[in-house]
Amino acid sequence: MAKLDPVYRGALISESLDFQVSPGDITDLRNLLNVLPTDRFKPKRHCLLNPKLRMAHLVGGADVDLVLDNLILDAKTTKDPKCWRDYFNQMIGYYLLYLLGGFSVPGRQPRIDSLGIYFARQGQLQVWSIRDIADTEAFERSAAWFKRRAQSGFLAGRDVPVLGLDHQAE
């Protein structure tokens, strides 16, 4: 599936691209499906696969893996199910970009109130409520700060340490 990503994103098709599927790949996919908690992935209203964020140009492009109703979800297939700070920062970045412009999808925008990371190899889902992270005003200030920083070129090509809910604490 990873081999198809550049084809989808940039319509880049190389003759050297190998689409051979090994039996190990099939086994791996079956194992991922076997641990999938299907009851946690049934949308009631919204299911957006790989939606682009309208303000993604601020960071050189960004799209989330999945939006289920009010949840922005990122899937990690790593063997290590630890929720690293970088993963959490990534989710906060997605949410700030969402606040700045929503998703590039027709129709009604979902109202996001949760962020989640799904560790696909372990079948584990970690979800955070937005209101447990910070209040609306703090997120609005952070989104404005994030936009200013991105437009100034500060974020270009850099890892952003903390996307600044508190701007003083790390």
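The values are calculated or read from the model by the stated rules, or taken from the named source; none is laboratory data. Fair warning: this is a prediction, and the values are worked out from it, not measured in the lab. So basically every Cβ, Gly included, is an ideal-geometry build from the backbone, and we count neighbours across all protein chains shown.
See the values below:
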| quantity | calculated |
| --- | --- |
| Complete set of residues in the stretch 77-108 that are in contact (Cβ under 8 Å) with a residue 40 or more places away in the chain and either more than 19 Å from Val59 (Cβ to Cβ) or of a type in the set (Val, Ile, Thr) (or both) | Thr77, Thr78, Lys79, Pro81, Cys83, Ile92, Val105 |
| Checklist (1) over 14 Å from Asp65 (Cα atoms); (2) at pLDDT below 95; (3) within 15 Å of the chain's Cα centre (by Cα) applied to Phe119, failing item | (1) |
| Cβ-Cβ under 6 Å pairs, at least 6 apart or on other chains, the stretch 115-130 side free of Cβ contacts under 8 Å to residues at least 24 places away in the same chain and small (Gly, Ala, Ser), far side assigned to a strand (DSSP E or B) and buried (at least 17 other Cβ atoms within 10 Å of the Cβ) | Ser129/Ser114 |
| The stretch 135-166: number of residues that are buried (at least 16 other Cβ atoms within 10 Å of the Cβ), at pLDDT 90 or above and of a type outside the set (Lys, Arg) | 4 |
| Tabulated pairs, the stretch 24-53, first within 16 Å of Ile72 (Cβ to Cβ), second assigned to a helix (DSSP H, G or I) and not basic (Lys, Arg), C-beta under 7 angstrom, 6+ apart or interchain | Leu53/Tyr94; Leu53/Leu97; Leu53/Tyr98; Leu53/Gly101 |
